[in-house]
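Heads up, the thing below is written out as C-alpha cells.
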Amino acid sequence: MTESIIEEEGLTSLVKEEIPLTVKEAAKFLGVSPQTVYLWVERKQIPHLRVMGRNIRFLKPELVSFRASFKQEMENA
C-alpha cells in the first residue's frame, strides 16, 4: 500500500511539472513582474507557448533552464 501512495505522489508531481504556467505564475517563479515576462516574450528571449491564439503559457522545466542562464548573465554583468 505504501508503494502505491509513493507512485501516486510521484505521478502527481510529474503532472504538476507538465501543466503550463500562466504569465503571472511564470513571473512569480522567476521573481520578476508580469510586464517583464511580456517584454521577454515580445523579444523572444524566453521559451513560451501560444495557446488558443493570444494566451501565453510556459513549461516549468524550460523556465528552470531560463532562470539558471538569466542568473548567470546577471552574475557576469
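Read the figures in this text as sums done on the coordinates, not as results from a lab. Nothing here was measured: the structure is a model prediction, and the numbers come from that model. We place every Cβ from the backbone using ideal geometry, glycine too, and count neighbours over all the protein chains shown.
Numerical summary
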{"quantity": "Among (1) outside any helix (DSSP H, G or I); (2) buried (at least 16 other Cβ atoms within 10 Å of the Cβ), the one test that residue 37 misses", "calculated": "(1)"}
{"quantity": "Single residue of the stretch 66-77 satisfying the filter (within 20 Å of residue 38 (Cβ to Cβ) and of a type outside the set (A, V, I, L, M, F, W, C)) that is nearest to the chain's Cα centre (by Cα)", "calculated": "67"}
{"quantity": "The stretch 30-61 - residue that is aliphatic (A, V, I, L, M) and more than 13 Å from the chain's Cα centre (by Cα) and, of those, farthest from residue 19 (Cα to Cα)", "calculated": "39"}
{"quantity": "Among residues of the stretch 40-77, those that are surrounded by 10 or more Cβ atoms within 10 Å (Cβ to Cβ) and either in a loop (DSSP other than H, G, I, E, B) or among the aromatic types (Phe, Trp, Tyr) (or both), counted", "calculated": "9"}
{"quantity": "Selection within the stretch 23-34 - surrounded by 12 or more Cβ atoms within 10 Å (Cβ to Cβ) and in contact with a helix residue (DSSP H, G or I) (Cβ under 8 Å, 6 or more places away or on another chain)", "calculated": "23, 26, 27, 29, 30, 33, 34"}
